[in-house]
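S.K.: This is the structure I have questions about; it appears just below.
The values are calculated or read from the model by the stated rules, or taken from the named source; none is laboratory data. If you're wondering where the values come from, they're calculated on a predicted model, not measured in any experiment. Ideal geometry is used to build each Cβ from the backbone, glycine not excepted, and the neighbour counts take in all protein chains shown.
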Amino acid sequence: MLCETIHLQKKIKNNYIIKDVSMSIPENSIYTLAGPNGSGKSTLLKLLTKMQKPTSGEILFKGNTLSSRDLIHIGSLIETPALYENLTAEENLLVRTILLGIDNKAIDIILDLVELSDAKKQIVKYYSLGMKQKLGIAIALLNNPQFLILDEPTNGLDPLSIRHLKRIMKNFQNNGGTILIATHILKEMNDIASHIGIIQNGSLICQKEIRTGKDDIESIFMNTLMNKM
């Protein structure tokens, strides 16, 4: 497994946002994390990227306890992209290369990949929601990660951009990468997802491998929730 959680819990005040979650994300998979609003998806992703600390339990990355050193191998977009609004897209990525200590030669390649080359010198505060989302995805890919964590990455994207993002994700997997994607648009994941995990009220209530072309993710999700009622 590339990433695992073992009896992971997150308590805020007196409420458990994440309850005893044991999740296994295989290497070279596209793992779709689904759940109703407020089910704990974003909190779980923040725990996996060390943005928050778990109350109890363990997170493993490549068999060892997740450490800050592992973050160089992880790219993420969680909730709203963290952007410098008064800088251009190109400058936003340049700042990240300096912070990460990586070569800036990848900037033009990544901007071309997410279809922002023509707007790379435009100030980000004038970007549309979809363009900001693309820039957030570019930032997540900038360090050439092994593990890509995306939270509702299609937010603000038009249908053509969603199709292009799916190609990016599939190519990322084909090149040996692993993706964890939290999304409400399950139908879009049918042709690329290899695994699904369903979270409800902070608990992982289903985890299974997807048979491409045979299993319907939306049906699995709805049937699982109905069976828990």
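S.K.: Only residues that are at pLDDT below 95, closer than 26 Å to Ala182 by Cα and among the small types (Gly, Ala, Ser): list them for region 77-105, please.
M.R.: Ala82
S.K.: Taking Ile72 as the residue in question, decide whether it is over 12 Å from the mean Cα position of the chain (by Cα), among the β-branched types (Val, Ile, Thr) and farther than 17 Å from Ser22 by Cβ.
M.R.: yes
S.K.: Just wondering, is there one or more residues in region 128-151 that are loosely packed, with under 14 Cβ neighbours inside 10 Å and without any contact (Cβ under 8 Å) to a residue 24 or more places away in the chain?
M.R.: no
S.K.: Among the residues of region 61-76, which ones are surrounded by fewer than 17 Cβ atoms within 10 Å (Cβ to Cβ) and either aliphatic (A, V, I, L, M) or assigned to a loop (DSSP other than H, G, I, E, B) (or both)?
M.R.: Passing the criteria: Lys62, Gly63, Ser67, Ile72.
S.K.: Consider only pairs whose beta carbons are under 9 Å apart and that are at least six residues apart or on different chains; among these, list those whose first residue lies in region 52-63 and is under 20 Å from Phe147 (Cα atoms) and whose second residue is acidic (Asp, Glu) and part of a loop (DSSP other than H, G, I, E, B).
M.R.: These pairs meet every condition: Lys62/Glu27.
S.K.: Being assigned to a loop (DSSP other than H, G, I, E, B), buried (at least 18 other Cβ atoms within 10 Å of the Cβ) and among the hydroxyl-bearing types (Ser, Thr, Tyr) is the filter here; which residues of region 17-48 pass it?
M.R.: Once the filter is applied, which keeps residues that are assigned to a loop (DSSP other than H, G, I, E, B), buried (at least 18 other Cβ atoms within 10 Å of the Cβ) and among the hydroxyl-bearing types (Ser, Thr, Tyr), region 17-48 yields Ser29, Ser39.
S.K.: Could I ask something else about it? So, in region 203-229, how many residues would count as being among the hydrophobic types (A, V, I, L, M, F, W, C) and either part of a loop (DSSP other than H, G, I, E, B) or without any contact (Cβ under 8 Å) to a residue 24 or more places away in the chain (or both)?
M.R.: Just the residues of region 203-229 that are among the hydrophobic types (A, V, I, L, M, F, W, C), to begin with: 204-206, 210, 217, 220-222, 225-226, 229.
Retained after the next criterion (residues that are either part of a loop (DSSP other than H, G, I, E, B) or without any contact (Cβ under 8 Å) to a residue 24 or more places away in the chain (or both)): 205-206, 210, 222, 226, 229.
Summing the residues that are among the hydrophobic types (A, V, I, L, M, F, W, C) and either part of a loop (DSSP other than H, G, I, E, B) or without any contact (Cβ under 8 Å) to a residue 24 or more places away in the chain (or both) in region 203-229 gives 6.
S.K.: OK, next. Got at least one residue in region 203-217 being closer than 24 Å to Ile78 by Cα, surrounded by 14 or more Cβ atoms within 10 Å (Cβ to Cβ) and polar (S, T, N, Q)?
M.R.: Within region 203-217 (the criterion being closer than 24 Å to Ile78 by Cα, surrounded by 14 or more Cβ atoms within 10 Å (Cβ to Cβ) and polar (S, T, N, Q)), the answer is yes, since at least one residue qualifies.
S.K.: Continuing with the same structure: Can you name every residue in region 92-108 that is surrounded by 14 or more Cβ atoms within 10 Å (Cβ to Cβ), touching a residue at least 40 places away in the same chain (Cβ under 8 Å) and among the hydrophobic types (A, V, I, L, M, F, W, C)?
M.R.: Leu93, Ile102, listed by residue number.
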